[in-house]
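Read the structure below first, then the notes.
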Amino acid sequence: MSALQKGPPAGLIGNGPPAGPIGQGPSPDGPIGNGIDVVTFGCRLNSYESEVMRREAESAGLGALSGGAVIFNTCAVTAEAVRQAKQAIRKARRENPQARIIITGCAAQTEPQNFATMDEVDLVLGNEEKLKANSYRALPDFGVNDTEKARVNDIFSVRETAGHMVDAIEGRARAFVQVQNGCDHRCTFCIIPYGRGNSRSVPMGAVVEQVKRLAGNGYAEIVLTGVDMTSFGADLPGSPKLGRLVKTILRQVPDVKRLRLSSIDSIEADDELLDALATEPRLMPHLHLSLQSGDDMILKRMKRRHLREQSIRFCEDVRKLRPGIVFGADIIAGFPTETEAMFENSERIVEECGLTHLHVFPFSPREGTPAARMPQVRREVVKQRAARLRAAGEAAYRRHLSALAGTQQSILVERDGLGRTEGFTLSSIGVGQPGEIVDAVITGHDGARLTAAPLAARAA
């Protein structure tokens, strides 16, 4: 069985919002036969790792256990993500009374005992342990007598990130490839470094080989992902940057039709990456930026490394290099000490940066982070500001949809007649098989997605 997904997430801290569960969860009848279900919360990196986990769990023999197994790959980026994971775990136990339930991912890494004390849970694994087959054998079914449910090591002791080979991302039109893990920065709102450890890069050769394998298996689009992806290479010999990796992939893997980047930190974007955006048509014209705020004082209190004018200038400069590029961004509403004037700076930056795909997060304090100890904005104000930001994002998105009317677009079909343009805009195409790229003319939109007519059909 595959990792269960609804669609490509995106997000906070280089990866994606905790729009969870992203995994649909096990069916009421439990795992099919004596199988394995992997339920994925959170980010693109989790999506990729869930495929590795499924393979390792199968290798360990979990699929042969009576009742099968359900593995939850959790997210820790907000308290709400943790709450939703617990809710899904309880539901899974009710619907799968005989299954082994294993919890892993960032929430399991940062608060293992929180899950280990749940009666529904059989085993808790850390982020490093989840990628090793032997970890899944720490169940009584395999003769283990140790009653300790949590097996979570110090993530900061991990010094390298291996390039796990994955042949397919089942049920997807695009495939994810991990290039980096962890983060060396300590933003005051973020718990993720404590779930992922310090930044470490996958060697370039391993990344290229993984891309070759997936492209050879028919994936038209490859998405590079990591926790802090623009820090790629700092720990590798010669300190290659992300731009060098991108150019190497496009040069050495001509079968890749579309290469996409997940979330980036614009302040770390290197010259070769910008040159690749300007000169490589196979590098998709879509960047998701980790902005978090549009106010300088709030950015400083977040311990971000950029200011608002740097974000605006970055978007302007990249548009000159790649006209038509589409920008998305993460913005947090109601960060501690945020005044109305500070919030209005975040509202304005939507238009000033020309953002299209906005991910809005109402601030929620994470225990153990400095921001949780700062003077908090009232919850009702946080919710109101988040609603205002979402409204600004929705208006910007509708303007973007209208601006594409009459243009020609290449659409990667995902499922059910839907696909994505090169700029990652959702489109109703009505034809094509998942993974097929269809050239089409945009005929309009319904406020949520484009409508497109295939060029072949128009010619007929």
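The values are calculated or read from the model by the stated rules, or taken from the named source; none is laboratory data. Note that the coordinates shown come from a computational prediction; the quantities given were computed from them, not determined experimentally. All Cβ positions, even for glycine, are placed from backbone atoms using ideal geometry, and neighbour counts span all protein chains on display. When the accessible area is computed, the model is the full protein with side chains, heavy atoms only, and any ligands, DNA or RNA have been set aside. Shrake-Rupley method; radii C 1.70, N 1.55, O 1.52, S 1.80 Å.
Name, by its number, the condition in (1) modelled with pLDDT of 95 or more; (2) part of a loop (DSSP other than H, G, I, E, B); (3) open to solvent by less than 10 Å² (accessible area, probe 1.4 Å) that does not hold for Pro254.
(3)
Here's the yes/no breakdown for (1) open to solvent by less than 10 Å² (accessible area, probe 1.4 Å); (2) modelled with pLDDT of 80 or more; (3) closer than 30 Å to Ile264 by Cβ; (4) not hydrophobic (A, V, I, L, M, F, W, C):
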| site | (1), (2), (3), (4) |
| --- | --- |
| Met1 | no, no, no, no |
| Pro28 | no, no, no, yes |
| Val38 | yes, yes, yes, no |
| Leu65 | no, yes, no, no |
| Val77 | no, yes, yes, no |
| Asn96 | yes, yes, no, yes |
| Ala108 | yes, yes, yes, no |
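Kindly establish whether Glu422 is in contact (Cβ under 8 Å) with a residue 40 or more places away in the chain, open to solvent by 40 Å² or more (accessible area, probe 1.4 Å) and in contact with a Lys or Arg (Cβ under 8 Å, 6 or more places away or on another chain).
When the stated conditions are applied, Glu422 passes them.
Give the number of residues within the range 308-320 that are in contact with an Asp or Glu (Cβ under 9 Å, 6 or more places away or on another chain) and surrounded by 15 or more Cβ atoms within 10 Å (Cβ to Cβ).
Looking only at that region, the number is 4.
Have a look at Gly406, Gly419, Gly444 and point out the one that is farther than 26 Å from Leu261 by Cβ, out of contact with any Asp or Glu (no Cβ under 7 Å at 6 or more places or on another chain) and assigned to a strand (DSSP E or B). Steps first, please.
On the way: Gly406 fails: assigned to a strand (DSSP E or B); Gly419 fails: farther than 26 Å from Leu261 by Cβ.
Unique residue meeting the criteria: Gly444.
How about the range 206-225: which of its residues are part of a strand (DSSP E or B) and of a type in the set (Ser, Thr, Tyr)?
Thr225
Restricting to the range 96-135, give me the number of residues that are more than 19 Å from Glu367 (Cβ to Cβ) and either of a type in the set (S, T, N, Q) or part of a loop (DSSP other than H, G, I, E, B) (or both).
Step one: list which residues in the range 96-135 are more than 19 Å from Glu367 (Cβ to Cβ), which gives 96-102, 104, 119-123, 125, 128-135.
Going one step further and asking which of them are either of a type in the set (S, T, N, Q) or part of a loop (DSSP other than H, G, I, E, B) (or both), we end up with 96-99, 104, 119-122, 128, 132, 134-135.
Number of matching residues: 13.
Residues of the range 342-359 being over 24 Å from the mean Cα position of the chain (by Cα) and without any contact (Cβ under 8 Å) to a residue 40 or more places away in the chain, which ones?
Answer for the range 342-359, where residues must be over 24 Å from the mean Cα position of the chain (by Cα) and without any contact (Cβ under 8 Å) to a residue 40 or more places away in the chain: just Glu344.
Is there a residue being touching a residue at least 60 places away in the same chain (Cβ under 8 Å), assigned to a loop (DSSP other than H, G, I, E, B), of a type in the set (A, V, I, L, M, F, W, C) and buried (at least 19 other Cβ atoms within 10 Å of the Cβ) anywhere in the range 226-241?
Within the range 226-241, one or more residues are touching a residue at least 60 places away in the same chain (Cβ under 8 Å), assigned to a loop (DSSP other than H, G, I, E, B), of a type in the set (A, V, I, L, M, F, W, C) and buried (at least 19 other Cβ atoms within 10 Å of the Cβ).
Within the range 198-205, identify whether any single residue is polar (S, T, N, Q), in a loop (DSSP other than H, G, I, E, B), modelled with pLDDT of 90 or more and more than 17 Å from the chain's Cα centre (by Cα), and answer yes or no.
Yes, because at least one residue in the range 198-205 is polar (S, T, N, Q), in a loop (DSSP other than H, G, I, E, B), modelled with pLDDT of 90 or more and more than 17 Å from the chain's Cα centre (by Cα).
Going by what's in this entry, would Arg398 be described as within 30 Å of Gly430 (Cβ to Cβ) and open to solvent by 30 Å² or more (accessible area, probe 1.4 Å)?
Numbers: within 30 Å of Gly430 (Cβ to Cβ): yes; open to solvent by 30 Å² or more (accessible area, probe 1.4 Å): yes.
So Arg398 passes the test.
For Val52, work out the one condition from (1) open to solvent by 10 Å² or more (accessible area, probe 1.4 Å); (2) out of contact with any Ser or Thr (no Cβ under 9 Å at 6 or more places or on another chain); (3) part of a helix (DSSP H, G or I); (4) touching a residue at least 24 places away in the same chain (Cβ under 8 Å) it doesn't fulfil.
Condition not satisfied by Val52: (1).
Mind checking which residues of the range 136-173 are at pLDDT 85 or above, assigned to a loop (DSSP other than H, G, I, E, B) and within 25 Å of Gln98 (Cβ to Cβ)?
Within the range 136-173, Ala138, Leu139, Lys149 meet the criteria.
One line per residue, one yes/no per condition, for (1) buried (at least 21 other Cβ atoms within 10 Å of the Cβ); (2) without any contact (Cβ under 8 Å) to a residue 12 or more places away in the chain; (3) of a type in the set (Lys, Arg); (4) closer than 23 Å to Phe327 by Cα:
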{"position": "Val179", "(1), (2), (3), (4)": "yes, no, no, yes"}
{"position": "Tyr219", "(1), (2), (3), (4)": "yes, no, no, no"}
{"position": "Leu224", "(1), (2), (3), (4)": "yes, no, no, yes"}
{"position": "Ile267", "(1), (2), (3), (4)": "no, no, no, yes"}
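Name every residue in the range 321-334 that is open to solvent by less than 70 Å² (accessible area, probe 1.4 Å) and not in a strand (DSSP E or B), in order of residue number.
Within the range 321-334, Arg322, Gly324, Ile325, Gly334 meet the criteria.
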